[in-house]
Amino acid sequence: GAVTRTANIDTLPKSTRILITGGTGSFGSAFLAYLLENTEARVRILSRDEHQQESLAERYPAGPRVTYLLGDVRDQERLYEAFSGADWVVHAGALKTISAGEQQAQEFALTNVTGTQNVIRAAIRCGVQRTLLISSDKAVQPINLYGKTKAVAESLFVQGNLVAGQRGCKLAVVRGGNVW
(Lines give C-alpha, C1' and ligand atoms only; values in the text may rest on other atoms or scores of the structure.)
Protein backbone atom coordinates (compact mmCIF):
# COMPACT_ATOMS: atom_id res chain seq x y z
CA GLY A 1 0.00 0.00 0.00
CA ALA A 2 0.88 3.66 -0.14
CA VAL A 3 3.13 5.09 2.50
CA THR A 4 2.02 8.36 4.05
CA ARG A 5 4.78 10.70 5.13
CA THR A 6 4.18 13.34 7.74
CA ALA A 7 6.22 16.44 8.32
CA ASN A 8 8.86 15.98 10.98
CA ILE A 9 10.17 19.22 12.42
CA ASP A 10 13.38 17.56 13.57
CA THR A 11 14.43 16.63 10.03
CA LEU A 12 13.51 19.77 8.13
CA PRO A 13 15.65 20.57 5.10
CA LYS A 14 17.97 23.52 5.73
CA SER A 15 16.10 25.55 3.14
CA THR A 16 12.71 25.33 4.90
CA ARG A 17 11.14 28.75 5.44
CA ILE A 18 8.64 29.03 8.29
CA LEU A 19 6.50 32.10 8.97
CA ILE A 20 4.87 32.58 12.38
CA THR A 21 1.94 34.98 12.69
CA GLY A 22 1.76 36.46 16.17
CA GLY A 23 5.42 35.55 16.28
CA THR A 24 6.27 37.83 19.21
CA GLY A 25 3.62 36.31 21.48
CA SER A 26 4.23 33.62 24.08
CA PHE A 27 3.85 30.69 21.68
CA GLY A 28 5.56 32.38 18.74
CA SER A 29 8.65 33.41 20.66
CA ALA A 30 8.99 29.97 22.28
CA PHE A 31 8.57 28.28 18.89
CA LEU A 32 11.19 30.59 17.37
CA ALA A 33 13.64 29.59 20.09
CA TYR A 34 12.88 25.91 19.47
CA LEU A 35 13.34 26.23 15.71
CA LEU A 36 16.63 28.07 16.02
CA GLU A 37 18.00 25.56 18.52
CA ASN A 38 16.74 22.36 16.88
CA THR A 39 16.50 22.96 13.13
CA GLU A 40 18.21 24.76 10.27
CA ALA A 41 14.97 26.47 9.23
CA ARG A 42 14.77 30.12 8.31
CA VAL A 43 12.04 31.88 10.29
CA ARG A 44 9.94 34.95 9.58
CA ILE A 45 8.23 36.58 12.52
CA LEU A 46 5.08 38.51 11.61
CA SER A 47 3.47 40.67 14.28
CA ARG A 48 1.95 44.10 14.63
CA ASP A 49 3.96 45.21 17.67
CA GLU A 50 7.32 46.75 16.82
CA HIS A 51 8.27 47.00 20.50
CA GLN A 52 7.83 43.27 21.03
CA GLN A 53 9.78 42.63 17.82
CA GLU A 54 12.61 44.82 19.08
CA SER A 55 12.62 42.98 22.41
CA LEU A 56 12.63 39.56 20.73
CA ALA A 57 15.39 40.69 18.34
CA GLU A 58 17.61 41.41 21.35
CA ARG A 59 17.58 37.65 22.06
CA TYR A 60 17.32 36.47 18.44
CA PRO A 61 18.77 39.14 16.14
CA ALA A 62 17.61 39.53 12.57
CA GLY A 63 19.98 37.85 10.16
CA PRO A 64 20.20 35.00 7.68
CA ARG A 65 17.85 32.79 9.71
CA VAL A 66 15.47 35.32 11.31
CA THR A 67 13.44 38.06 9.65
CA TYR A 68 11.03 40.40 11.43
CA LEU A 69 8.01 41.71 9.52
CA LEU A 70 5.49 44.22 10.78
CA GLY A 71 1.97 43.32 9.77
CA ASP A 72 -1.48 42.33 10.91
CA VAL A 73 -3.54 39.29 9.97
CA ARG A 74 -6.37 41.72 9.26
CA ASP A 75 -4.40 43.08 6.29
CA GLN A 76 -4.86 40.62 3.40
CA GLU A 77 -2.37 42.31 1.06
CA ARG A 78 0.37 42.33 3.71
CA LEU A 79 -0.17 38.61 4.26
CA TYR A 80 0.35 37.94 0.54
CA GLU A 81 3.67 39.77 0.75
CA ALA A 82 4.73 38.06 3.98
CA PHE A 83 3.69 34.53 2.93
CA SER A 84 5.40 34.70 -0.46
CA GLY A 85 8.11 32.04 -0.50
CA ALA A 86 7.14 30.48 2.85
CA ASP A 87 7.04 26.67 3.01
CA TRP A 88 5.14 26.49 6.29
CA VAL A 89 2.99 28.98 8.20
CA VAL A 90 2.15 28.67 11.88
CA HIS A 91 -0.81 30.92 12.62
CA ALA A 92 -0.54 31.95 16.27
CA GLY A 93 -1.77 35.52 15.83
CA ALA A 94 -4.92 36.12 17.86
CA LEU A 95 -6.53 38.30 20.48
CA LYS A 96 -6.75 36.15 23.59
CA THR A 97 -7.75 38.02 26.74
CA ILE A 98 -11.16 36.68 27.72
CA SER A 99 -12.39 39.83 29.49
CA ALA A 100 -11.38 42.04 26.54
CA GLY A 101 -13.25 39.73 24.19
CA GLU A 102 -16.43 40.11 26.19
CA GLN A 103 -16.14 43.90 26.02
CA GLN A 104 -14.87 44.29 22.45
CA ALA A 105 -16.37 41.46 20.46
CA GLN A 106 -15.95 43.14 17.09
CA GLU A 107 -12.17 43.36 17.53
CA PHE A 108 -11.92 39.67 18.43
CA ALA A 109 -14.06 38.75 15.42
CA LEU A 110 -11.88 40.84 13.09
CA THR A 111 -8.61 39.34 14.29
CA ASN A 112 -9.55 35.77 15.23
CA VAL A 113 -12.10 35.06 12.50
CA THR A 114 -11.49 37.45 9.60
CA GLY A 115 -7.74 37.35 10.23
CA THR A 116 -7.80 33.55 10.13
CA GLN A 117 -9.73 33.60 6.85
CA ASN A 118 -7.09 36.00 5.51
CA VAL A 119 -4.34 33.58 6.58
CA ILE A 120 -6.07 30.72 4.75
CA ARG A 121 -6.47 32.77 1.56
CA ALA A 122 -2.84 33.95 1.65
CA ALA A 123 -1.52 30.44 2.29
CA ILE A 124 -3.47 29.04 -0.64
CA ARG A 125 -2.62 31.90 -3.00
CA CYS A 126 1.07 31.76 -2.08
CA GLY A 127 1.31 27.96 -2.30
CA VAL A 128 2.33 27.39 1.32
CA GLN A 129 2.81 23.62 1.76
CA ARG A 130 1.55 23.38 5.33
CA THR A 131 -0.35 25.85 7.49
CA LEU A 132 -1.09 25.18 11.15
CA LEU A 133 -3.60 27.06 13.29
CA ILE A 134 -2.71 27.26 16.96
CA SER A 135 -6.12 27.10 18.62
CA SER A 136 -7.22 26.79 22.22
CA ASP A 137 -8.91 24.38 24.57
CA LYS A 138 -11.38 27.25 25.02
CA ALA A 139 -12.81 26.36 21.57
CA VAL A 140 -14.37 23.21 23.02
CA GLN A 141 -17.97 24.00 24.02
CA PRO A 142 -17.06 27.69 24.22
CA ILE A 143 -18.68 29.83 26.89
CA ASN A 144 -16.87 33.08 26.09
CA LEU A 145 -16.26 35.09 22.95
CA TYR A 146 -12.60 34.13 22.72
CA GLY A 147 -13.49 30.44 22.64
CA LYS A 148 -16.28 31.07 20.13
CA THR A 149 -13.98 32.92 17.75
CA LYS A 150 -11.37 30.17 18.00
CA ALA A 151 -14.03 27.52 17.31
CA VAL A 152 -15.02 29.40 14.15
CA ALA A 153 -11.35 29.75 13.18
CA GLU A 154 -10.92 25.97 13.55
CA SER A 155 -13.91 25.32 11.29
CA LEU A 156 -12.56 27.73 8.67
CA PHE A 157 -9.21 25.93 8.68
CA VAL A 158 -10.69 22.46 8.38
CA GLN A 159 -13.06 23.53 5.59
CA GLY A 160 -10.24 25.42 3.89
CA ASN A 161 -8.77 22.05 2.94
CA LEU A 162 -11.56 21.67 0.37
CA VAL A 163 -9.81 24.35 -1.68
CA ALA A 164 -6.27 24.07 -0.35
CA GLY A 165 -5.94 20.35 -1.05
CA GLN A 166 -6.59 20.90 -4.74
CA ARG A 167 -3.59 23.23 -4.79
CA GLY A 168 -1.15 21.09 -2.81
CA CYS A 169 -1.60 22.99 0.47
CA LYS A 170 -2.47 21.31 3.76
CA LEU A 171 -4.23 23.10 6.60
CA ALA A 172 -4.31 21.69 10.14
CA VAL A 173 -5.36 22.72 13.64
CA VAL A 174 -3.84 21.99 17.02
CA ARG A 175 -5.39 23.02 20.32
CA GLY A 176 -3.01 24.38 22.89
CA GLY A 177 -4.23 24.17 26.44
CA ASN A 178 -3.10 25.81 29.61
CA VAL A 179 -0.37 23.17 29.87
CA TRP A 180 1.58 25.12 27.23
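At the residue level, TYR68 shows approximately 40 square angstrom of accessible surface with a 1.4 angstrom probe and all protein chains present. Close amide H contacts of VAL89 (hydrogens built in the peptide plane, cut-off under 5 Å, sequence separation of 5 or more or a different chain): LEU19, ARG130, THR131, LEU132.
Sequentially through the range 94-99, phi angles give Karplus couplings (6.51, -1.76, 1.60; θ = phi - 60°) of 6, 8, 10, 6, 4, 5 Hz, Gly and Pro residues having no value and appearing as x.
Which of the three applies to the range 40-86, rounded, prolate or oblate, going by the alpha-carbon gyration tensor with a ≥ b ≥ c and a/c under 1.5 meaning rounded?
It is oblate, given that a/c is not under 1.5 and a/b is not larger than b/c.
Is the range 44-120 rounded, prolate or oblate when judged by the Cα gyration tensor, a ≥ b ≥ c being the square roots of its eigenvalues, rounded requiring a/c under 1.5 and prolate requiring a/b larger than b/c? Cα axes put the range 44-120 in the oblate bin.
In order along the range 129-134, the phi-based Karplus estimate (6.51 cos²θ - 1.76 cosθ + 1.60, θ = phi - 60°) of 3J(HN,Hα) comes to 5, 9, 10, 10, 8, 8 Hz; Gly and Pro are listed as x.
Placing +1 on each Lys and Arg Cβ and -1 on each Asp and Glu Cβ, with no other charges, gives the range 5-98 a dipole about its Cα centre of roughly 240 debye. Of all DSSP bridge pairs formed entirely within the range 20-128, close to 0 percent run antiparallel.
Close amide H pairs (under 5 Å, H built 1.01 Å from N) link ARG175 with SER135, residues at least 5 positions away or on another chain. Compute the Cα gyration tensor for the range 54-180, then decide on rounded, prolate or oblate, letting a ≥ b ≥ c be the square roots of its eigenvalues: rounded whenever a/c is under 1.5, prolate when a/b is larger than b/c in the other cases, and oblate in all that remain. Oblate, because a/c is 1.5 or more while a/b does not exceed b/c. Under 5 Å from the amide H of ASP72 lies no amide H of any residue 5 or more positions distant or on a separate chain, with H modelled from the backbone and absent for Pro and chain starts.
The values are calculated or read from the model by the stated rules, or taken from the named source; none is laboratory data. For clarity, every value in this text was computed on a predicted model and none was experimentally measured. Cβ sites come from the backbone with ideal geometry, for glycine too, and all protein chains shown count toward neighbours. Accessible surface is based on the protein model in full, side chains and every heavy atom, while ligands, DNA and RNA are left aside. Shrake-Rupley method; radii C 1.70, N 1.55, O 1.52, S 1.80 Å.
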